[in-house]
Amino acid sequence: MELESTMQGKDSLPSPSLYRSIFSQIEEIGWEHLIKANEDLSSLTFRILDEKGKCHVAEITLSHNYPQTPPSINADLLSMPKVKWSVTSRLIDVILQLREHLKELQEVWSTLECIDTNLSVIGKEQSFATTRRHISLCEDCSILLHINPFRPNSLPECRFFGSDEKVDQLLKKWKKNSRNWKSDKAFHENLAMILETELPRPPISASTAAQTGDEAIDCGICYVTYLPIDEELGSDSGCAPDYKCENTSCMRAFHTVCLRDWLRTITTTRQSFDVLFGNCPYCSEPVAVKICD
């Protein structure tokens, strides 16, 4: 957990009783979920896992007259929940409401994940905070999709890019076949059916190739596949990377021993019992490794 120092005077700091109350409320949520906090506790950043295990980062800001007024939430999401709050509410209530909101977003995220997995999306980062996807159709033609967040499997709004001739052909196919869109069918299959063509697959990344066994996996820290044969390494001697970042946009592989040693050099790493909690060296998503196997 990172503690941010503020330049405010003593008069702006919370009272001791409010400090104790906020600390107690953080304890209810779990210190292992707290990523960052301001010195005056006006801003608290938590990591929250949704029902599919995806990690989300939410910043909760407390006003100067908290808890009389509700805290505000900022997160990289399609939409934010309207916080239900009373003078007896606690921070755990905000987290629970946010988790319920994450459940409501699962359907549109599943559709976006289907698109990202099966189609050639233009752009290095596919954010789940937007419902736009720019899809390559061929070498010199593409389509910009706007997914309906409330009915993500319905026919999307679109705009074609390319030569006038190709765009005209695609628009005619779209108008002719759009009535055949089926909401119970996979999104990429619907799109291929409407455009009457086989759509390009996404390029194979190094991490995907490694997953399928097309090439050896190198550790993202020591940059070799196998650790040296050394008695000092114990059971890790000669092993291949055995830890993978769970962020689907990263999926970097590491030797557990390398990641463990790296986390120990980072000042924001936190230890709870025999587990080190920190962030991936490449994408900053949360990672956790045992100190001893």
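The values are calculated or read from the model by the stated rules, or taken from the named source; none is laboratory data. Bear in mind the structure is a predicted one, so any value in this text is a computation, not a measurement. Neighbour counts are summed over all protein chains in view; Cβ atoms, including those assigned to glycine, are modelled from backbone coordinates with ideal geometry. Surface accessibility is based on the protein's heavy atoms, side chains included, excluding ligands, DNA and RNA. Shrake-Rupley method; radii C 1.70, N 1.55, O 1.52, S 1.80 Å.
What to note about this one:
- Residue in segment 167-182 that is within 24 Å of Thr111 (Cα to Cα), in a loop (DSSP other than H, G, I, E, B) and at pLDDT 90 or above present: yes
- Residue in segment 144-166 that is touching a residue at least 60 places away in the same chain (Cβ under 8 Å) and either outside any loop (DSSP other than H, G, I, E, B) or at positive phi (or both) present: no
- On the stretch given as segment 227-238, residues that are surrounded by 15 or more Cβ atoms within 10 Å (Cβ to Cβ) and part of a loop (DSSP other than H, G, I, E, B) total 1.
- Checking Tyr66 against (1) at pLDDT below 90; (2) farther than 28 Å from His188 by Cα; (3) aromatic (Phe, Trp, Tyr), the condition it does not meet: (1)
- Identity of the residue in segment 229-243, at pLDDT 85 or above and out of contact with any Leu (no Cβ under 6 Å at 6 or more places or on another chain), that ends up farthest from Asn279 (Cα to Cα): Ala240
- Candidates Leu191, Leu155, Leu137, Leu144 - the one that is buried (at least 16 other Cβ atoms within 10 Å of the Cβ), of a type in the set (A, V, I, L, M) and out of contact with any helix residue (DSSP H, G or I) (no Cβ under 8 Å at 6 or more places or on another chain): Leu191
- The residues on offer are Glu246, Glu285, and the sole one that is closer than 26 Å to Ser127 by Cα, at pLDDT 85 or above, open to solvent by 50 Å² or more (accessible area, probe 1.4 Å) and not aliphatic (A, V, I, L, M) is Glu246.
- Segment 64-93: number of residues that are open to solvent by less than 40 Å² (accessible area, probe 1.4 Å) and of a type in the set (Gly, Ala, Ser): 2
- Qualifying residue in segment 202-217 (condition: at pLDDT 85 or above, surrounded by 12 or more Cβ atoms within 10 Å (Cβ to Cβ) and either of a type outside the set (Val, Ile, Thr) or within 30 Å of the chain's Cα centre (by Cα) (or both)): no
For (1) open to solvent by 40 Å² or more (accessible area, probe 1.4 Å); (2) within 30 Å of Asn190 (Cβ to Cβ), each residue gets a yes or a no:
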residue	(1), (2)
Lys54	yes, yes
Glu59	yes, no
Leu62	no, no
Ile95	no, no
Trp109	no, yes
Asp116	no, yes
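- Selection status of Leu170, open to solvent by less than 50 Å² (accessible area, probe 1.4 Å) and touching a Lys or Arg at 6+ places or on another chain (Cβ under 7 Å): no
- Among the residues of segment 31-52, those that are open to solvent by less than 60 Å² (accessible area, probe 1.4 Å) and either within 17 Å of Asn279 (Cβ to Cβ) or part of a strand (DSSP E or B) (or both) comprise His33, Leu34, Ile35, Ala37, Asn38, Ser43, Leu44, Thr45, Phe46, Arg47, Ile48.
- All positions within segment 270-282 that are hydrophobic (A, V, I, L, M, F, W, C) and either touching a residue at least 60 places away in the same chain (Cβ under 8 Å) or surrounded by 12 or more Cβ atoms within 10 Å (Cβ to Cβ) (or both): Val275, Leu276, Phe277, Cys280
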